[in-house]
Amino acid sequence: MTARLRIPPVPDTVFPGLAGQTAVVVGGAGGGVGTATVAMLVWSGAKVLVVDHAAERLEQLAGRFADAVTGVPADVTTEAGIRAFEQAVSDIAVHSLVNVVGGVAPAEIGHFLELTAAQWQSSIALNFEYAVHTSRIAALRMAEVGCGGSLVNLSVSDARRAMPWFSPYGAARSALEAATRTMAVELGPLGICANSVAWGLIDSPRAHSGTGSDGHRERELIPLGRRGKVAEVASMVLFLVSDLGSYTTGQNLVVDGGLSLRASHDGPRHNIPEFLESEPARRTLQASFARITGVSGTADRVPPGIMPEA
């Protein structure tokens, strides 16, 4: 006789319920992923402490969510900014921390042999060092209160591969992911999860496709054929800080439309390897691609200038 099927218990929420919780978002007033994360946290019921150096935008964000958002103007890449962060969380129960601040300045792009110590230090401060300090401070506060919690550090999907011309940025993001994995192991006994979310090409205020772009490069090189939306990254963050992600820790969750899965030698759109020497095989694969997708697969080599931006 077949045993009776038992339905396992599942959360009774469809949209994560964060009522009664306080989240801290570092870099939430830029109008991109951080701001989308703040909005989703508020709509889920959380109170949100937003730390950002842009005081005017921070004021606008706090005004938009007057009952739920508190702004803390601070530059966390400085000692004064870290002190302000520590003071801001010293008397609240922190349930989650999201570190969004990061990026690469044009002055930090260059060949490994020509980059200066100052360029390296600047990138490490912006993309790694501050997040270690804020994570430690938030985790200490979580431990003091005894509420457990979640740390989420934002990274980029290229951080685990070579990043020519962007070596300081790639190194800093890789270091952040490595540190986050160790945080997960050491903080686990305290009920604190630590994860990273790595985004790819996202249509955000600072990393958009450009007014002259028709989406050609995205359709050619990203498996899903488009740039991501800031809300799609924020949704992954929301998963991790909610009970939906309560048994996920030490992971790097990639949100890049599949771009990082493609080998650099895969041809655009059709993914036929550039080094496939058999012309009959190449023609067969091109015909198969055209038959299956209805799109011509004859654009056999990547034209100059359509490689993805970092």
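The values are calculated or read from the model by the stated rules, or taken from the named source; none is laboratory data. This is a predicted model, so every value here is computed, not measured. Positions of Cβ are backbone-derived with ideal geometry, glycine not excepted, and every protein chain shown enters the neighbour counts. Keep in mind that these areas ignore ligands, DNA and RNA; they rest on the heavy atoms of the full protein, side chains included. Shrake-Rupley method; radii C 1.70, N 1.55, O 1.52, S 1.80 Å.
Structure notes:
- Of residues in the stretch 236-277 being acidic (Asp, Glu) and in contact (Cβ under 8 Å) with a residue 12 or more places away in the chain, the one least open to solvent (accessible area, probe 1.4 Å): Asp256
- Subset of the stretch 251-267 (residues that are charged (D, E, K, R) and out of contact with any Phe, Trp or Tyr (no Cβ under 7 Å at 6 or more places or on another chain)): Arg262, Asp266
- Any hit, the stretch 104-123, residues being under 22 Å from Ala36 (Cα atoms) and at pLDDT 95 or above: no
- Checked against the criterion of being under 23 Å from Leu18 (Cα atoms), touching a Gly at 6+ places or on another chain (Cβ under 7 Å), at pLDDT 90 or above and assigned to a helix (DSSP H, G or I), the stretch 239-262 has at least one qualifying residue.
- Check on Glu129, at pLDDT 95 or above, within 27 Å of Ala184 (Cβ to Cβ), in contact with a helix residue (DSSP H, G or I) (Cβ under 6 Å, 6 or more places away or on another chain) and open to solvent by 70 Å² or more (accessible area, probe 1.4 Å): no
- Within the stretch 66-94, if we keep just the residues that are open to solvent by 40 Å² or more (accessible area, probe 1.4 Å) and either in contact with a Gly (Cβ under 8 Å, 6 or more places away or on another chain) or of a type in the set (Val, Ile, Thr) (or both), the residue that is nearest to Met40 (Cα to Cα) turns out to be Thr70.
- Scanning the stretch 103-121 for residues that are in a helix (DSSP H, G or I) and free of Cβ contacts under 8 Å to residues at least 40 places away in the same chain yields Pro106, Ala107, Ala117, Ala118, Gln121.
- Some residue of the stretch 44-57 being open to solvent by less than 40 Å² (accessible area, probe 1.4 Å), touching a Phe, Trp or Tyr at 6+ places or on another chain (Cβ under 6 Å) and within 27 Å of Ala179 (Cβ to Cβ): yes
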